[in-house]
1. Please pick out the residue among Phe96, Phe86 that is within 18 Å of Leu35 (Cβ to Cβ), of a type in the set (Phe, Trp, Tyr) and assigned by TED's automatic domain parsing to the domain that holds Ser37.
2. Contact list please: Cβ distance under 9 Å, first residue in segment 19-48 and closer than 20 Å to Ser97 by Cβ, second residue of a type in the set (Phe, Trp, Tyr), pairs at least six apart or on different chains.
3. Among what's in segment 114-127 and is assigned to a helix (DSSP H, G or I) and closer than 15 Å to Val54 by Cβ, pick the residue that is nearest to the chain's Cα centre (by Cα).
4. Condition first: touching a residue at least 24 places away in the same chain (Cβ under 8 Å) and either over 23 Å from Asp58 (Cβ atoms) or exposed (fewer than 13 other Cβ atoms within 10 Å of the Cβ) (or both). Can you find one or more residues in segment 109-117 that meet it?
5. If a residue must be modelled with pLDDT under 95, surrounded by 12 or more Cβ atoms within 10 Å (Cβ to Cβ) and assigned to a loop (DSSP other than H, G, I, E, B), how many such residues does segment 128-144 contain?
6. Glu147 passes all but one of (1) surrounded by 12 or more Cβ atoms within 10 Å (Cβ to Cβ); (2) free of Cβ contacts under 8 Å to residues at least 24 places away in the same chain; (3) of a type in the set (D, E, K, R); (4) over 25 Å from Arg39 (Cβ atoms); which number fails?
7. Given the structure, is Phe125 under 18 Å from Ser36 (Cα atoms) and surrounded by 12 or more Cβ atoms within 10 Å (Cβ to Cβ)?
8. Which ones in segment 82-106 are surrounded by 14 or more Cβ atoms within 10 Å (Cβ to Cβ), more than 18 Å from Glu48 (Cα to Cα) and not small (Gly, Ala, Ser)?
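The values are calculated or read from the model by the stated rules, or taken from the named source; none is laboratory data. All figures in this text were calculated on a predicted structure; none of them were measured in a lab. Don't worry about glycine lacking a Cβ; one is built from the backbone with ideal geometry, like all the others, and counts go over all protein chains shown.
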Amino acid sequence: MSPPASSRAISGIAEELSGRPARVVSNPDYRTGMLSSVRCGLRALPQECEAVLVALGDQPGISPELVNQMIHSFNRVDKGIVVPCFRGKRGHPIVFSERFRNEITTQYDNVGLRGLLQAHPEDVFELNVLAPAALSDMDYPEDYRRELSLLENSNRAKHKHA
């Protein structure tokens, strides 16, 4: 399990978010897994929150367009959970209704949010996406190099067409 962000990094993130409707929440139980961070965030949300989007911090390829598609789909379909799918495989981020808040904070210790999807298959909308970013994260140095290469290639293509 990765160590928590340093207080210096947290201060920098908080500074970047200042003036926006967001706040930084630190998870003291990070060693117990990703679900503990999701739970920490859920506890920090206001009660009037209607939906939650959970995005992984190690997925730089997740675009604002994908996030907007996820939110639009959640608002359009009559399902409580929206998950992106690339070539039939589910990925991240995930959007879910606040009605699952208590369930997530008390269940799925060994399976994470996958347990929510398994418990409510009839309430899941799979959003088919055209880019593999929903499946890509950075767990190893070679993953970082892959993402860096993708970013460099994307920047070259933008400058070529500019």
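1. Exactly one of Phe96, Phe86 is within 18 Å of Leu35 (Cβ to Cβ), of a type in the set (Phe, Trp, Tyr) and assigned by TED's automatic domain parsing to the domain that holds Ser37, namely Phe96.
2. Hits for this filter: Leu35/Tyr108; Ser37/Tyr30; Cys40/Tyr30.
3. Top of the filtered list is Arg114.
4. Checked segment 109-117: at least one residue is touching a residue at least 24 places away in the same chain (Cβ under 8 Å) and either over 23 Å from Asp58 (Cβ atoms) or exposed (fewer than 13 other Cβ atoms within 10 Å of the Cβ) (or both).
5. Here the count works out to 4.
6. With (1) surrounded by 12 or more Cβ atoms within 10 Å (Cβ to Cβ); (2) free of Cβ contacts under 8 Å to residues at least 24 places away in the same chain; (3) of a type in the set (D, E, K, R); (4) over 25 Å from Arg39 (Cβ atoms) applied to Glu147, the lone miss is (2).
7. So Phe125 fails the test.
8. Answer for segment 82-106, where residues must be surrounded by 14 or more Cβ atoms within 10 Å (Cβ to Cβ), more than 18 Å from Glu48 (Cα to Cα) and not small (Gly, Ala, Ser): Val82, Val83, Pro84, Cys85, Phe86, Arg90, His92, Pro93, Ile94.
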